[in-house]
Amino acid sequence: MNVAETEGIPIHFYIFTPGSFPVEDYPGAAQQIARNLYAMAKLQVPMISVISEGGSGGAEAIGLADFRLMFSHGYYSVISPEGAAAIEGKIREGEKVPAELIEACAERLRITAQDNLKYGTIDRIIQEPLLGAKRDDFAFFKELKSEIIRATDEVILKTKSLRAFRAYEVQLKKAGGDTTEEPQINISWDLNKDEIKRLLVYRSRKYRAMARDYYAGIPSPSLACYRKIRNISATIYYTFRYDLLRNHQKVMEKVIEDVSGEGSVLLKRVSAPISAAYNFISRKSDVKGPRPPLGRVAGTPPEDPYEFWDTYTSPLANEDRTVTCPNAEKHGCKDLWVPDLYGEFGGVCENCGFHFPLEYEWYLKHLFDPDSIRMFSAEIESINPLNYAGFADRLQAAKARTGRNSANITFYASVKGVECVVTMLYSDFRNGTVGAAEGEKFVRACEKARLKRRPLLAYVHTTGGIRIQEGTLGVIQMPKCTMAVREYIDSGGLYIVVYDNNSYAGPVASFLGCSPYQFAIRSSRIGFAGYRVIRETTGDDIPPDYHSARNALKRGHIQGIWDRREFRKNLHKALLTMGGRNLYYR
Amino acid sequence: MDENINFDEIIAKYRSDPYDYVDICTPHTGQIRFKVKMGDDVNGSSGTWHHIPGSLLYVFSREKNEKQIFSPTNGVVSAIREELEGGFVEAGEKVLTIRHPLKKREIIESILQRVLYLFKAPETAKYFFSLDIQSRLEKQGERNITIEPGDEIITMSLMKRDIAVYYDGEPGIIHSIYFQPGVTMEQGTPLIGVCAPEKLSLIQKIITHVKAEWE
């Protein structure tokens, strides 16, 4: 891809994979997919991808293209029907999955080309002969070649200024279907700077609009109009405040600083003999005033190191029993009494520091300044877009139980006075799986963070991956959200990801894994595929601590492991010291 | 040669009763509920990293914390204190005995432990062979190195400082090595086993004897 970008040659991707190879060892499947998606989001050449067999994340790794084609007899799915059947039927490892269940799941997942075209995840179908293309079907290959060239032409033409007639001609070709070797229309595949810019804008718009109709909470036209006006005025305000005024202010500050620096040195030089004479005459003994405490800038109010707020009791702490720390054999931890463990100790074993899983409300209370959380996009709801049998009830139950509409919570909050935008995937709603609604909320959070020049924190309490009941609409969130992240980081933002408890699969392989700053809470598990999937795919057994945060750190997938009780302090330090030249407080 | 008689006695003992009786004691106080009966077959932990636990022996609960106790080895339950079922037990109380059939390797190991002079680790630290012994190992091969009391045979790496450990004990040949260089050994665990050169042939005879007898 780098070579093509340097040379300015369009790229054609052919996707023929049942999925990705799920081992975590360096460089790591998830990390490579994330890196690919991040690079492809703003690659400066046109890209076309053709899907023959597309297995979820592995296929999407090279699927973020300007035009997506698919063979009529191919498939593009979020998970194989066998995997979905094993999950649905709660089949244990080693048992046989009933064939009818596999058939039913294959039906429900909507993996055919026609379904994908209907849901907008691909742009065009290439028709294969009746029983599918065979290896020696050279007529089909000729047709494939012309289809791809036509797609490349279409993508390139969109970026050109003079295109009316050629575009019409390319449109006409579709109906004709006679394939010839030589191109009949003269379209240059070299793009100049403006055309490349247009290409990137079209790509961004294409992925922003994916899965647009598959979540609820779209406002009424009047409300939408009001929101639009509000957004435009907000954009104007923030541009004025941060780009114009702030830059001006920064320049002024720099000038004043320089002048005062020079002035003070000059003054010292001039007055040195006078002050020496004065000191000699008066010969006052040095009275040392009280020294300010180290590390504090004079004039700022002293920080309260204990920060006693309203007490929050975790609901887990209301049982009267003891639990054993899993490290009891190794470190000799005594049994922990639950009210102490989840109350005072914050879910941390006092002997070895093992972190017991804690609910997400604890983090909402303890991480951010009190009363600083303001939710937005809360009306966006997850729905059942594929009409997956039996899923609507479970979704409704999840909404009733949590009181929220999706697995992603986005809000503004402040951490020790630093304002930031936070998106949180939590476990109670469908195990934190990502679907169309969650992706949309995430993209909106990126946009808001970019608008207001705030850092973006993605705190992943739990994510089980992509919601399989939403099929490829879930998989398409991977490139969509990665594109939003790329734009946010390119505009000078700071994107920090913190993993907690179980963080697996899709999101880790896309919009979470592409962040330059990834941290984890102790005792969390981060990975791409679970134990069973790895065993069934590779046939190898893997050690029980394969997905531990410590191993992820060893492999270089994350940059640090934080203690839950130090999370707030560490996050504040990270926000002040790391990345993002375009943040409001720089 | 009274050592000879000793060996014959040992072999006769192992022949008559080739079992190891493993006592299972309670780790702490609590209420016990047995999950096996007398004469049941139990398995030890399995899997490459011993991550699949052995058979469930009993469930132990204290302050509503249920803990499952698994079997450490395979074998047959030979003694079980049924009268304690469902009741309160103190810590360290012997509740089960598993009769573990000894394998050939284990018998040889236990005989060697008794017969060889064991040089124990003075501290919990990492141990390496000294350079002198290392070179002799490479040149002469195993089981050919004679050591005398006062030789520096092992280097102990304690808190990143290397200290020479001098051998004290019977002069003889290094027969078996019980440590891996660079792996921490607890204080008091045997590091090497030494036997006198005259006894070496005898020991080899015993080992072949045992290997032939037991399959």
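Remarks
- Residues that are assigned to a loop (DSSP other than H, G, I, E, B) and under 27 Å from A:Gly347 (Cβ atoms) within region A:510-528 comprise A:Leu512, A:Gly513, A:Ser515, A:Arg522, A:Ser523, A:Ser524, A:Gly527, A:Phe528, listed in sequence order.
- Scanning region A:350-361 for residues that are surrounded by fewer than 19 Cβ atoms within 10 Å (Cβ to Cβ) and in a helix (DSSP H, G or I) returns a single hit, A:Glu361.
- Filtered residue count, region A:535-546, keeping only those that are more than 13 Å from chain B (Cβ to nearest Cβ) and surrounded by 15 or more Cβ atoms within 10 Å (Cβ to Cβ): 2
- Criterion: modelled with pLDDT under 95 and in contact with a Phe, Trp or Tyr (Cβ under 6 Å, 6 or more places away or on another chain) - qualifying residue of A:Glu53, A:Glu82: A:Glu53
- Within region B:36-56, the set of residues being more than 10 Å from every other protein chain (Cβ to nearest Cβ), among the aliphatic types (A, V, I, L, M) and over 21 Å from the mean Cα position of the chain (by Cα) comprises B:Val36, B:Met38, B:Leu56.
- You will find that of A:Arg565, A:Arg467, A:Arg555, the residue that is in contact with a strand residue (DSSP E or B) (Cβ under 9 Å, 6 or more places away or on another chain), at pLDDT below 95 and surrounded by fewer than 17 Cβ atoms within 10 Å (Cβ to Cβ) is A:Arg565 and no other.
- Annotation note: Cβ proximity below 7 Å between a residue of region A:335-356 that is more than 13 Å from A:Ala317 (Cα to Cα) and in contact (Cβ under 8 Å) with a residue 12 or more places away in the chain and a residue that is among the basic types (Lys, Arg) and surrounded by fewer than 17 Cβ atoms within 10 Å (Cβ to Cβ) (sequence gap 6+ or interchain) occurs for A:Asn351/A:Lys334.
- Some residue of region A:461-473 being among the hydrophobic types (A, V, I, L, M, F, W, C), assigned to a strand (DSSP E or B) and either closer than 27 Å to A:Cys105 by Cβ or out of contact with any Asp or Glu (no Cβ under 8 Å at 6 or more places or on another chain) (or both): yes
- Sole exception among (1) free of Cβ contacts under 8 Å to residues at least 40 places away in the same chain; (2) out of contact with any helix residue (DSSP H, G or I) (no Cβ under 7 Å at 6 or more places or on another chain) for A:Gly492, by number: (1)
- Among the residues of region A:533-552, those identified as more than 11 Å from A:Tyr499 (Cβ to Cβ) and not charged (D, E, K, R) are A:Val533, A:Ile534, A:Thr537, A:Thr538, A:Gly539, A:Ile542, A:Pro543, A:Pro544, A:Tyr546, A:Ser548, A:Asn551.
- Filter result for A:Phe519 (among the aromatic types (Phe, Trp, Tyr) and within 15 Å of the chain's Cα centre (by Cα)): yes
- Hits in region A:320-333 (condition: assigned to a loop (DSSP other than H, G, I, E, B) and either more than 12 Å from chain B (Cβ to nearest Cβ) or acidic (Asp, Glu) (or both)): A:Asp320, A:Asn327, A:Cys333
- Residue list for region A:519-534, filter: within 14 Å of another protein chain (Cβ to nearest Cβ) and in contact with a helix residue (DSSP H, G or I) (Cβ under 6 Å, 6 or more places away or on another chain): none
- Taking residues in region B:57-70 that are in contact (Cβ under 8 Å) with a residue 12 or more places away in the chain and away from chain A (no Cβ under 11 Å), and partners anywhere that are small (Gly, Ala, Ser) and surrounded by 14 or more Cβ atoms within 10 Å (Cβ to Cβ), the pairs with Cβ atoms closer than 6 Å and at least 6 places apart or on different chains are B:Leu57/B:Ser71; B:Phe70/B:Gly54.
- Residues in region A:334-355 that are in contact with a Lys or Arg (Cβ under 6 Å, 6 or more places away or on another chain) and farther than 17 Å from A:Ser548 by Cβ were compared, and the one that is nearest to the other protein chains (Cβ to nearest Cβ) is A:Val338.
The values are calculated or read from the model by the stated rules, or taken from the named source; none is laboratory data. Given the structure is predicted, the values throughout are model-derived calculations rather than measurements. Positions of Cβ are backbone-derived with ideal geometry, glycine not excepted, and every protein chain shown enters the neighbour counts.
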